[in-house]
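Taking it in order: structure first as structure tokens, then the write-up.
The values are calculated or read from the model by the stated rules, or taken from the named source; none is laboratory data. Values in this document were obtained by computation on a predicted structure and should not be read as measured data. All Cβ positions, even for glycine, are placed from backbone atoms using ideal geometry, and neighbour counts span all protein chains on display.
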Amino acid sequence: MFNFERYFNCLLKIISLNVSAFIAMIAYRIFFFFYFIDATTLKNFKSYIIKAFFLGARFDFSVLAYINAPIIIIFTIFLFIKNIKTFKVSIFFIKIYYWITFTFISLINIIDFGFYIYFNKHINILLFDFFKDDVYNLIKTIIQDWRFPLALLTLITLSYTIYRFVSSTTKKLTISYFINTFSFNIFLKIFIVIFIPFTIFIFARGTLSMFPLGKFYTEISANSFINDVSITSIHSLMDAIHMKIEQSNDRINIIKKLKINKSDINLSMFNKISIKNPIAEKIKPNVVLIILEGFGELPILHNSKDFNVLGELKQHFDEDTVFYNFLAAGIITVHCLESTVLNMPQRPFSIQITQTSKAFNNFSSSIVVPYKNSGYLTKAIYAGSLTWRGIEEFLKAQGFDEIYGEGSIKNRYRHEWGINDAQFFELILRELNNNRGIPKFIYAMSTATHPPYKTPPYYKPLKLKIPKEILQMMPNEKKYNQKIFESYQFANREAAKFLKIVKNSKLAKNTIIVITGDHNLREFNASTPENIFKRYAVPMYIYMPKNLKRKINTKFAASHIDIMPTLYDLSLSKQKYIAAGISLLNTTKKHIAFNSEGFILSDKKAVLYNIETGKILYFDYNTKTKALYETHETREHRLMTIYYKTVLALSDMYLKK
């Protein structure tokens, strides 16, 4: 018969299982901490480390409470059923439940660990982009990583160990008693039966405050890595699922999150017109916008004879115009694609347009509209498969006349994600020379500087002795460091070859070229406020023919949404367009750059705005070292934040309209 004594002793017997699980969670957190730690950046944050681990223990207890809640309910139900035979049958399901649950947690920890290596962030809504990407090549890339066999072996070992331990524990649920409870009076027994579920509820909630334990509570320091130490992968996954549900139902109200009154914003702010440009009107120059995969700024800041990442591209950087206070729209390729093609910023938490039915809408803000209205032939080139995220249909809907993918050129030395950079620039040059006599706008995006970082077998890299500062920011990529920078260097040298060919041809007189990156190299771990800019920075290079050349203040802060307004001013004359960005030829307006992560930059000030929690950090920005230093709010910080909120709210309203 199942009675209170058996109920109470069953509770005692699962304690050992949960203590072991808790110790394993602590061990994983310690391993996570020491694997990703950059000791040089934690000098001023040592007092927060203990706080992070203590908070982490609360998160661990929360996970265990949720896991044990169904088991407590089962034990409590059997107090009333009392049938021992039925209870013995249920033990099999309890065993399987614990085994599957703890194995699942191990799996999510491993996935989260890999996610953190790649994005320097715990699992978030980007996880669901895995199923929208080129899944086959993603899986192939993951399997090729040297850490994959270790991860798989670890999961199998953990699962087997968990099964053995759970089997041993559940066997004891039907035999022997630890404590004789016959002496407990009825009131004590009732108290225990009520107290246990109540305690589980409190631990699951993690706090007695208004809101349950969640990501909101992890903002304990200005160091993002220390904040990340505390939260569990399960809580991160639950947050991501919740956000995905909101996103799928289009329930995320960015305007409300930003605390902006709809009546205070006006979409006419995006209605613009390019400057009068008689020379451009006369010659109608070709315009080429090239976006290189992983073309981050940090390696370029350390370019030298010993670490020659630019190669021949350095000559062109020295000769022409380059912006170094420049931000990518977001942290993945599709963020850049959407922002540059639609002339709109990447909205936090919002599903990409390319993944919705709106991908088939012809947006008035489309990148090609002013060029088509000026008689241009518009072409889009993607160095991978046009089926990736359905971009072929998206680009067609936005009005491109011709669209080319990896199948548009002989595919020699292909890598997992498409054609190599030599073929990529060959394809651009081919389409630039085609349709002679017709002005062309070409939008081109490469795919090569991407895991597993392959270069053609014939390529002989220049010297690449990686600087200490960069190595410190890439503590987990020792095996791939050289390959990463070889592919990065190869892409830059191919870009230089392309520029040299253009400059030595008739195209030099009537072709404007912009080269930027879709995002920084993901392997950089920039957890401290000092390095935030370096995490998001990409350079922007502009080649302008002599007759069209204009002096531009390269100290301006800018981002992807400012590229096209600048190009419209350089290549068109008095042409209307819709865009969120501001032309860099405009000297009458303050230039403020921002990205999807809420990082805002202008002159010598920066702001980090967390739209989810509302927390704001203010910084001074050193334009020479690119370092940030936390400071108090100033009027300039306040105006930057207002601008960011306004443009973000306007873009959300426009794209949903």
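Residue count for segment 44-63 satisfying the condition of being in contact with a helix residue (DSSP H, G or I) (Cβ under 7 Å, 6 or more places away or on another chain), among the hydroxyl-bearing types (Ser, Thr, Tyr) and surrounded by fewer than 22 Cβ atoms within 10 Å (Cβ to Cβ): 1.
Within the option set Ile37, Ile105, being surrounded by 15 or more Cβ atoms within 10 Å (Cβ to Cβ), under 19 Å from Leu213 (Cβ atoms) and under 27 Å from the mean Cα position of the chain (by Cα) holds for one residue only, Ile105. Pairs are defined by a Cβ separation below 7 Å, a sequence spacing of at least 6 or placement on different chains, a first member in segment 310-325 that is assigned by TED's automatic domain parsing to the domain that holds Leu464, and a second member that is in a helix (DSSP H, G or I) and of a type in the set (Asp, Glu); no pair meets this definition. The single condition among (1) assigned to a strand (DSSP E or B); (2) buried (at least 24 other Cβ atoms within 10 Å of the Cβ) that Ile512 does not satisfy is (2). Being in a loop (DSSP other than H, G, I, E, B) and within 11 Å of Val607 (Cβ to Cβ) is the filter here, so list the residues in segment 622-638 that pass it. Those that are in a loop (DSSP other than H, G, I, E, B) and within 11 Å of Val607 (Cβ to Cβ): Glu633, Thr634.
For segment 53-89, name all the residues that are more than 16 Å from Asn9 (Cβ to Cβ) and at pLDDT below 90.
Ile77, Phe80, Ile81, Asn83, Lys85, Thr86, Val89
Total residues in segment 421-463 satisfying the condition of being of a type in the set (Val, Ile, Thr) and in a helix (DSSP H, G or I): the figure is 1. Do we have Asn343 as crowded, with 22+ Cβ neighbours inside 10 Å and either over 14 Å from the mean Cα position of the chain (by Cα) or among the β-branched types (Val, Ile, Thr) (or both) here? The answer is yes for Asn343. For Ala39, state whether it is closer than 30 Å to Met473 by Cβ and modelled with pLDDT of 95 or more. No.
The set of residues in segment 467-497 being touching a strand residue (DSSP E or B) at 6+ places or on another chain (Cβ under 8 Å), assigned to a helix (DSSP H, G or I) and farther than 18 Å from Val538 by Cβ consists of Gln482, Glu486.
Condition check ((1) crowded, with 19+ Cβ neighbours inside 10 Å; (2) out of contact with any Asp or Glu (no Cβ under 8 Å at 6 or more places or on another chain); (3) not hydroxyl-bearing (Ser, Thr, Tyr)) across all residues:
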| site | (1), (2), (3) |
| --- | --- |
| Ser583 | yes, no, no |
| Ile592 | yes, yes, yes |
| Ser602 | yes, no, no |
| Phe619 | yes, no, yes |
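Scanning segment 451-475 for residues that are under 21 Å from Phe498 (Cβ atoms), of a type outside the set (Phe, Trp, Tyr) and touching a helix residue (DSSP H, G or I) at 6+ places or on another chain (Cβ under 8 Å) returns Lys454, Thr455, Pro456, Pro461, Leu462.
Restricting attention to segment 3-24, does a residue exist that is buried (at least 16 other Cβ atoms within 10 Å of the Cβ), under 16 Å from Ile231 (Cβ atoms) and either among the basic types (Lys, Arg) or at pLDDT 90 or above (or both)? So far as segment 3-24 goes, no, none of its residues is buried (at least 16 other Cβ atoms within 10 Å of the Cβ), under 16 Å from Ile231 (Cβ atoms) and either among the basic types (Lys, Arg) or at pLDDT 90 or above (or both).
Working only within segment 492-523, note down all residues that are under 30 Å from Leu572 (Cα atoms) and among the hydrophobic types (A, V, I, L, M, F, W, C). Ala495, Ala496, Phe498, Leu499, Ile501, Val502, Leu507, Ala508, Ile512, Ile513, Val514, Ile515, listed by residue number. Can you go through Ala508, Ala557 and tell me which one is out of contact with any Ser or Thr (no Cβ under 9 Å at 6 or more places or on another chain) and of a type in the set (A, V, I, L, M, F, W, C)? After applying the criteria, what remains is Ala508.
If a residue must be of a type in the set (Asp, Glu), surrounded by fewer than 24 Cβ atoms within 10 Å (Cβ to Cβ) and either in contact with a strand residue (DSSP E or B) (Cβ under 8 Å, 6 or more places away or on another chain) or modelled with pLDDT of 95 or more (or both), how many such residues does segment 517-575 contain?
The number of residues fulfilling the criteria is 2.
Of the candidates Ile220, Ile241, Ile234, the single residue that is at pLDDT 80 or above and either touching a helix residue (DSSP H, G or I) at 6+ places or on another chain (Cβ under 6 Å) or surrounded by 19 or more Cβ atoms within 10 Å (Cβ to Cβ) (or both) is Ile234. With respect to Thr641, is the statement that it is surrounded by fewer than 18 Cβ atoms within 10 Å (Cβ to Cβ), more than 21 Å from the chain's Cα centre (by Cα), in a helix (DSSP H, G or I) and in contact (Cβ under 8 Å) with a residue 12 or more places away in the chain true? Here the answer is no, as Thr641 does not meet what is asked.
Residue-by-condition table, conditions (1) loosely packed, with under 14 Cβ neighbours inside 10 Å; (2) out of contact with any strand residue (DSSP E or B) (no Cβ under 6 Å at 6 or more places or on another chain); (3) outside any helix (DSSP H, G or I); (4) without any contact (Cβ under 8 Å) to a residue 60 or more places away in the chain:
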| residue | (1), (2), (3), (4) |
| --- | --- |
| Ala65 | no, yes, no, no |
| Ile71 | no, yes, no, yes |
| Phe75 | no, yes, no, no |
| Phe80 | yes, yes, no, yes |
| Phe87 | no, yes, no, no |
| Phe93 | yes, yes, no, yes |
| Trp99 | no, yes, no, no |
